[in-house]
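**Q** Just passing along the structure, written as structure tokens.
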Amino acid sequence: VQLFGYPFGGTWSGPGIIDPVNGIVDVQQAGSGNKIYTYVTPSCTYPGKLRLRIISKPTAKLLVNENMYICKVGNRSTTLAVQAQVNCNYQWYYRINDLSSFSPIAGNNATIYVNQVGQYKVIVSSLLCETTSSIIHVSEQEIDIQLNEVGPFCETQSEIFTLTANPPGGFWSGNRVFGNQLTLQYNMVGTYPLTYFYTSPEGCNYRKETSY
């Protein structure tokens with residue numbers, strides 16, 4: 001910010017002054033609030049006074065990751081949010097990819113719910129100041145479930161076989177399955193299906209089948 005005084009040829013002093021002759025103020029160095037600046041010239045007996053109000057710039061701190069996911073099927077929505085602040089406005093923008101332009105979308109809240117893949121950002125404004133958030137990328141979640149090899153087993157085997165999958169945390173379904181344990185005892189010769197069900201932290205449901 002540059003301050004101007006008359007008669008010309010004077011010097012400025014005050015918080016954040018980095019060039020007294022040209023009246024240049026570093027507002028970040030000065031800090032927010034009401035600041036008093038003094039202008040002195042050789043021809044004037046009394047110094048001039050100027051009060052400058054410096055408003056804090058709002059923040060646009062994301063409360064979510066910059067990479068968010070929605071499900072291909074089922075729950076096709078996710079929450080985007082920035083830290084809420086007093087007396088601030090929130091204008092969200094959307095574009096499909098890097099080659100398109102951002103367009104404003106409805107809503108004046110720190111939190112919104114979206115169901116389209118693409119890129120989002122928000123401009124947080126307060127009086128004369130505004131801050132733009134980082135870009136949030138929303139895409140469809142794809143998880144490739146990996147199952148451990150099951151079998152083959154001999155008819156006479158009777159031990160318990162542990163079923164494993166990646167990502168873990170799902171549950172198994174099938175003949176003689178209890179939790180993630182497969183009990184081989186009493187199984188007759190044949191092929192038996194097994195299904196692994198998994199729900200991601202975003203609420204997306206997956207399943208993968210195998211057999212033994």
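**Q** Report E66's accessible area, 1.4 Å probe, all protein chains in place, as a number in Å² to the nearest 10.
**A** Near enough 90 Å² of accessible area.
**Q** Let me ask something additional. Tell me, what HN-Hα J-couplings in whole Hz come from the Karplus equation 6.51 cos²θ - 1.76 cosθ + 1.60 at θ = phi - 60° for each residue of segment 129-145, using x for Gly and Pro?
**A** Whole-Hz 3J(HN,Hα) from phi for segment 129-145: 10, 8, 9, 9, 6, 5, 7, 9, 9, 10, 9, 6, 6, 10, 10, 8, 6.
**Q** OK, next. If amide H atoms are built 1.01 Å from N in the plane of the peptide, which residues on other chains or at least 5 residues away come under 5 Å of the amide H of K35?
**A** Close amide H contacts, sequence-distant or interchain: L52, R53, I54.
**Q** Shape call for segment 77-133 from the C-alpha gyration tensor, a ≥ b ≥ c root eigenvalues: rounded (a/c under 1.5), prolate (a/b greater than b/c) or oblate?
**A** Values: a/c = 2.59, a/b = 1.50, b/c = 1.73.
Taking the square roots of the gyration eigenvalues as a ≥ b ≥ c, segment 77-133 is oblate.
**Q** Which ³J(HN,Hα) values in Hz, rounded to whole numbers, follow from the phi angles of segment 84-92 under the Karplus curve 6.51 cos²θ - 1.76 cosθ + 1.60, where θ = phi - 60° and Gly and Pro get x?
**A** So the J values, rounded to whole Hz, are 6, 9, 6, 6, 10, 10, 10, 10, 8.
**Q** Where a ≥ b ≥ c are the square roots of the eigenvalues of the C-alpha gyration tensor, would you call segment 1-53 rounded, which needs a/c under 1.5, or, failing that, prolate if a/b is larger than b/c, or oblate?
**A** prolate
**Q** So, one more: Order Y90, Y46, most accessible first, counting only protein heavy atoms with a 1.4 angstrom probe. Before the final figure, lay out the partial values.
**A** Working: Y90 15, Y46 185 Å².
Ranked from most to least accessible, the order is Y46, Y90.
**Q** Give me the accessible area of K72, 1.4 Å probe, in Å² rounded to the nearest 10.
**A** 110 Å²
**Q** Arrange the residues I160, I135 by how much accessible surface each exposes, largest first, with a 1.4 angstrom probe. Walk me through the intermediate numbers first.
**A** Values: I160 105, I135 55 Å².
Listed by decreasing accessible area, they come as I160, I135.
**Q** Across segment 107-114, in residue order, what do the Karplus-derived ³J(HN,Hα) couplings come to in whole Hz, using 6.51 cos²θ - 1.76 cosθ + 1.60 with θ = phi - 60° and x for Gly and Pro?
**A** Couplings: x, 10, 10, 5, 10, 9, 10, 10 Hz.
**Q** Grab every C-alpha pair in segment 34-98, bin the distances at 5 angstrom width from 0 up to the longest one, and report whole percents.
**A** Going from the shortest bin to the longest, the percentages are 3, 10, 12, 14, 10, 8, 7, 6, 6, 6, 5, 4, 3, 2, 1, 0.
**Q** Given a cut-off of under 8 Å on Cα pairs at least six residues apart, what relative contact order in percent is computed for segment 1-123?
**A** On the way: 211 pairs, mean separation 20.4, N = 123.
That works out to 17 percent.
**Q** Percent relative contact order of segment 80-176, based on C-alpha pairs within less than 8 angstrom and at least six residues apart? Provide the component values of the computation, followed by the final result.
**A** Values: 117 pairs, mean separation 20.3, N = 97.
Computed over segment 80-176, the figure is 21 percent.
**Q** Accessible area, 1.4 Å probe, largest first: how do S100, S211 sort? Spell out each step's value before the answer.
**A** Numbers: S100 35, S211 55 Å².
Accessible-area ranking of S100, S211, largest first: S211, S100.
**Q** Right, something else. Collect residues whose amide H, placed 1.01 Å from N in the peptide plane, falls under 5 Å from the amide H of L3; neighbours closer than 5 in sequence don't count.
**A** Placed amide hydrogens put I24, V25 under 5 Å from L3.
**Q** Counting only residues 5 or more places away or on other chains, whose amide H sits under 5 Å from the amide H of V64 once H atoms are built in the peptide plane?
**A** A81
**Q** Quick one: Kirkwood hydrodynamic radius for the chain, alpha-carbon pairs, angstrom, one decimal?
**A** Working: mean 1/r = 0.0430 Å⁻¹.
This gives a value of 23.2 Å.
**Q** Relative contact order for the chain: what is it in percent, counting Cα pairs under 8 Å that are at least 6 residues apart? Show your work: numbers first, answer last.
**A** Numbers: 426 pairs, mean separation 29.7, N = 212.
It rounds to 14 percent for the chain.
**Q** So, one more: Can you give the accessible area of I96 in Å² (nearest 10), computed on protein heavy atoms with a 1.4 Å probe?
**A** Answer for I96: close to 90 Å² accessible.
The values are calculated or read from the model by the stated rules, or taken from the named source; none is laboratory data. Keep in mind that what you see is a predicted model, and the values were worked out from it rather than measured. Keep in mind that these areas ignore ligands, DNA and RNA; they rest on the heavy atoms of the full protein, side chains included. Shrake-Rupley method; radii C 1.70, N 1.55, O 1.52, S 1.80 Å.
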